[in-house]
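J.: Here it is: the structure, laid out below.
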Amino acid sequence: MKKQRTGDLKLIQQLNESVILEMIRDHGPISRSQIAKELGISPTTVTSAVNLLMAKDLVTEDGIGISSGGRKPVLLRFNPTAHSIIGVAVTNTKIAIAELDLNGNVKQREDHDTHNARGNDIVELLLEKLERFVQKHPNLLHCQGISVVLPGIVDAQHGVVSYNSKLNLFNVPLVKLIEKKLGIPTYIDNDANSYVLSHYYFGSSAKYKNLIYITIGEGIGSGIMINGQIFRGSNGSAGEIGHTSVAPDGAVCECGGQGCLESYVSWPVIYGKIVSAVISNSTPTLIPMMTNGDINQITPAIFLKALKEGDQLCENIMKEMVRYLSTAIKDYIHLFDPEAIILSGSIVQDNHQLIEQLQEEVAKKVISNLRSKVNIQLSPVGSEKRMLGAAAILFHNKFKFRLS
């Protein structure tokens, strides 16, 4: 009989811990015997794993259950408040840093303007702000690690930001730099991928195993879940929907391509169209009145407010958004056949008109047997979605919760 190696046994132990921790998190309070029954593993294995999880303060005993004969079982529950995560969300304009518990609740948070820092400057700014945050909070409770979300192409396995043209980040070994600076285990991922994971752990979309999450703001990205797993592609660049062509002879994108979706449906583009129309007075609009004639006060919130009030300019812009977005989403549906497509972002949140028009337009464009199955939704995850995404990244990597 072949002898098992120590490494094999350790891996089995870690997998047992992960599966049992997930069971307790999802179904607790729950007894050891019920865990063994549900997972089809031995009570001895459960007891051993639970003892290790309790030693790490990840699980605690929580009362007595009902007996079906014999001794009453001791119940177990997940212990999220005994640990913390440092979540970091980087956008083109902001760096947000927060302490969260393992339920994704934000305990304290800081927001920093990047002042248009790019390349090495934004990396240095991030390292500086992170170091100060850790120094200000030396008693971070059992910190499980730092988790960073940012847009662009990210090689999550190797901890590298491969491509972000707006921040001028190319092949930056961000995890290595943070761990060298702070000595804390660090994880990174693309923001859209993190949103998919946050829906699984904290949202209402856990029932979906085939899911597309599209985020629309300063740029456009997407996260793809196939059969319960994040699909990254061979280079970590899967989901770059913003650089799919929706107008082959259209505008030249900063990526070098033509007619990219991001060149038609993103906040900078929409802002430019609003400003141009206001200056030229080409289309009736409420926006000058809403902003006291100050174009610097035009925000996504103003756009959405004007849209709800029936503003002609904003309605025209939204119709154009629907035209281009529906083309991209139609292609995604034909390629991946998702159960749901979830939209999020500054110009999407609470924009039910957009969802209704998209649903109708996409249904017209897909093949006939898919028309009744088009399912486009607004993201239910709230204002802390980036931090929830950061927490989900750490869960997925450190605790290796299953997505199946």
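J.: Looking at the chain, what % of its DSSP beta bridges pair antiparallel, to the nearest 5?
T.: Once the DSSP bridges in the chain are tallied, antiparallel ones form about 65 percent.
J.: Relative to 2.2 N^0.38 Å, what does the C-alpha radius of gyration of the range 224-318 come to as a ratio? Two decimals please.
T.: 1.38
J.: Further, regarding this structure: Just to be sure I understand: if I project the alpha-carbon convex hull of the range 127-266 onto a plane and average over all orientations, what area do I get in nm²?
T.: 9.9
J.: Looking only at the range 120-197, where both bridge partners belong to it, what percent of the DSSP beta bridges are antiparallel (to the nearest 5)?
T.: 55
J.: Over all distinct alpha-carbon pairs, what is the Kirkwood Rh of the range 50-126 in angstrom?
T.: In the range 50-126 this quantity evaluates to 15.7 Å.
J.: Oh, and also: Å³ per residue of the Cα convex hull, for the range 204-378?
T.: 128
J.: Can you list the lysines whose alpha carbon is less than 25 Å from that of residue 207, not counting same-chain residues fewer than 8 positions off?
T.: Straight-distance partners of residue 207: 37, 330, 373, 385, 398, 400.
J.: When the convex hull of the C-alpha atoms of the chain is computed, what volume per residue in Å³ does it have?
T.: It is 193 Å³ per residue.
J.: Shifting gears a bit: Quick query: amide H of residue 259 versus all other amide H atoms, modeled in the peptide plane; which residues come in under 5 Å with a sequence gap of 5 or more or a different chain?
T.: 250, 251, 252, 253
J.: How much space per residue, in cubic angstrom, does the convex hull of the C-alpha atoms of the range 292-389 take up?
T.: Dividing the Cα hull volume of the range 292-389 by its residues yields 120 Å³.
J.: How high is the relative contact order of the chain, given as a whole-number percent (alpha carbon pairs under 8 Å, six or more residues apart)?
T.: Over the chain, the number comes to 14 percent.
J.: Tell me the label-point distance for the pair residue 375, residue 111, using the 7 Å Cα-to-Cβ offset, in nm and rounded to one decimal.
T.: Here the answer is 3.3 nm between the modelled labels.
J.: While we're on this one: Over the Cα atoms, compute the radius of gyration (one decimal) and Dmax (the largest Cα-Cα distance, rounded to a whole number) for the range 153-221, in Å.
T.: In order Rg, Dmax, the Cα atoms of the range 153-221 give 14.1, 39 Å.
J.: Within the chain, what's the longest run with no GluC sites (Glu not before Pro) in a DSSP loop and at most 15 other beta-carbon atoms within 10 Å? Give the range, please.
T.: Result for the longest clean stretch: 1-253.
All of the numbers you see were taken from the coordinates with simple rules; none came from a lab. Please read all numbers here as calculations on a predicted model, not as lab measurements. Please note: Cβ atoms are built from the backbone with ideal geometry, for glycine as well, and neighbour counts cover all protein chains shown.
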